[in-house]
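The values are calculated or read from the model by the stated rules, or taken from the named source; none is laboratory data. What you are looking at is a predicted structure, and each value in this text was computed from that prediction instead of being measured. Here the Cβ positions follow ideal geometry from the backbone for every residue, glycine too, while neighbour counts run over all protein chains shown.
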Amino acid sequence: MLTRLISTRKWRLIIAEIATLFLFGLITHPVTFADELPKESALPIGAANKAIYAAIEACKKDGYRVSVSVVDRAGVLRAMGRTDGAGPHTVDSSRKKAYTAASMRRPTSELAELIARTPTLQALRDINSEILIMGGGLPIEIGGETVGGIGVGGAPGAHLDDACAQEGLDAIGAAPKIPASK
């Protein structure tokens, strides 16, 4: 009988401690935490590859040897392609353009023009070592949400990199970021 009374008291103490934790919000129902998690769209790898292929084909058609990179919303590389003969520097430039477009949520050509018009914004170039402010990077916006960025490097002119990147956006139904492509 005494052991039964002790074990009953233990259970009562345990139940009281749990109730206190609930009362002070230290333990909540798991659904509460799940409800607070951010809901974000992610760019599927298939869409990233489709955008890369379309951008590469657009540039190849005009004889440009390029690299094309797609990053997710956080600027992390999602997929990358490089045509035969593209310079080794195009790999980094395409990735950095994609990163810049995704993180700043603006076309990199637009950022370059903004800096040229407003010299006090030159510091944007130095935010971190991944920023590259020159044409060829476009944010990937689907359904009003920026889900990543695409960057093209290697065409003989930023406007040509932009046009190839836009072809990549068009291929996946993303919002256009430059006027009608070439």
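Output the residue which, of all residues in the stretch 139-163 that are buried (at least 20 other Cβ atoms within 10 Å of the Cβ) and among the aliphatic types (A, V, I, L, M), is farthest from residue 92 (Cα to Cα).
Among them, the one singled out is 147.
What residue, of 112, 74, 101, 171, is touching a residue at least 40 places away in the same chain (Cβ under 8 Å), hydrophobic (A, V, I, L, M, F, W, C), within 18 Å of residue 43 (Cβ to Cβ) and surrounded by fewer than 22 Cβ atoms within 10 Å (Cβ to Cβ)?
Sole residue among the options that is touching a residue at least 40 places away in the same chain (Cβ under 8 Å), hydrophobic (A, V, I, L, M, F, W, C), within 18 Å of residue 43 (Cβ to Cβ) and surrounded by fewer than 22 Cβ atoms within 10 Å (Cβ to Cβ): 171.
Which one of 46, 81, 63, 75 is farther than 19 Å from residue 135 by Cα and either out of contact with any Pro (no Cβ under 9 Å at 6 or more places or on another chain) or in the same structural domain as residue 155 (by TED's automatic domain parsing) (or both)?
After ruling out the rest, the residue left standing is 46.
Among the residues that make up the stretch 115-133, is at least one of them at pLDDT below 95, in contact with a helix residue (DSSP H, G or I) (Cβ under 9 Å, 6 or more places away or on another chain) and among the charged types (D, E, K, R)?
Looking for residues that are at pLDDT below 95, in contact with a helix residue (DSSP H, G or I) (Cβ under 9 Å, 6 or more places away or on another chain) and among the charged types (D, E, K, R), one finds at least one in the stretch 115-133, hence yes.
Give the number of residues within the stretch 113-143 that are farther than 22 Å from residue 77 by Cβ and of a type in the set (Gly, Ala, Ser).
3
Go through the stretch 125-182 and report how many residues are assigned to a loop (DSSP other than H, G, I, E, B), in contact with a Cys (Cβ under 8 Å, 6 or more places away or on another chain) and hydrophobic (A, V, I, L, M, F, W, C).
The qualifying residues number 1.
Check whether at least one residue in the stretch 12-26 is in a helix (DSSP H, G or I), touching a strand residue (DSSP E or B) at 6+ places or on another chain (Cβ under 6 Å) and either farther than 24 Å from residue 169 by Cβ or modelled with pLDDT of 95 or more (or both), and report yes or no.
no
Out of the stretch 41-54, which residues are under 12 Å from the mean Cα position of the chain (by Cα) and in contact (Cβ under 8 Å) with a residue 60 or more places away in the chain?
Residues satisfying the conditions are 41, 42, 43, 48.
Restrict the check to the stretch 89-104 and report whether at least one residue is over 18 Å from residue 177 (Cβ atoms) and either at pLDDT below 95 or not in a helix (DSSP H, G or I) (or both).
The answer is no; no qualifying residue exists.
Quick one: would you say residue 148 is in the same structural domain as residue 55 (by TED's automatic domain parsing), modelled with pLDDT of 95 or more, closer than 28 Å to residue 83 by Cα and more than 16 Å from the chain's Cα centre (by Cα)?
In short, no.
In the stretch 39-77, what residues are more than 15 Å from residue 172 (Cα to Cα) and either of a type in the set (Lys, Arg) or touching a His at 6+ places or on another chain (Cβ under 7 Å) (or both)?
39, 60, 61, 65, 73
Would you please name the residue that is surrounded by the fewest Cβ atoms within 10 Å (Cβ to Cβ), looking only at residues in the stretch 115-124 that are polar (S, T, N, Q) and in a helix (DSSP H, G or I)?
120
Check residue 34 against each of (1) in a strand (DSSP E or B); (2) modelled with pLDDT under 90 and name the one condition it does not meet.
(1)
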